[in-house]
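Quick notes on the structure that follows.
The numbers here are math on the coordinates, done by the rules we state, and not lab data. Computed from a predicted model, the values in this text were never measured in an experiment.
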């Protein structure tokens with residue numbers, strides 16, 4: 001396992017997963033066989049109080065308007081909603097998660113024929129995502 005420290009979080013990855021960060025500070029995690037790609041978007045930190053379920057509903061409004069339904073999700077110390085959907089080429093899992101005053105969006109995609117293949121590994125990785133004190 002390799003521990004990665006980013007300005008806002010730490011994350012542990014198994015050796016067969018590669019870590020990079022793009023120009024928009026999106027964390028990109030890919031498995032060595034090219035099946036799954038995880039993108040962790042920069043967080044939203046609320047100034048006062050904690051992120052709430054109402055905030056999650058606001059962040060997911062576009063998906064709901066498009067007819068998608070989320071399910072409650074808990075990943076490590078994070079809680080929020082998971083939306084799963086397909087487009088013409090990919091199967092998508094999108095998490096909208098909160099922990100304390102931190103909100104983060106995570107997207108994972110794979111080819112349709114690989115849907116469900118890396119679910120356990122992705123959840124194991126996401127469970128290690130920890131916000132760092134500012």
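Share of pairwise Cα-Cα distances greater than 18 Å in the chain is 54 percent (whole percent).
Two numbers describe the Cα atoms of segment 1-68: Rg and Dmax, which are 15.2, 42 Å.
Taking every alpha-carbon pair under 8 Å whose residues sit at least 6 apart, segment 55-134 reaches a relative contact order of 23 percent.
Using just its DSSP H runs of length 4 or more, each adding -39500 (n - 2.57), the chain gives a mean residue ellipticity at 222 nm of -3500 deg cm²/dmol after division by all residues.
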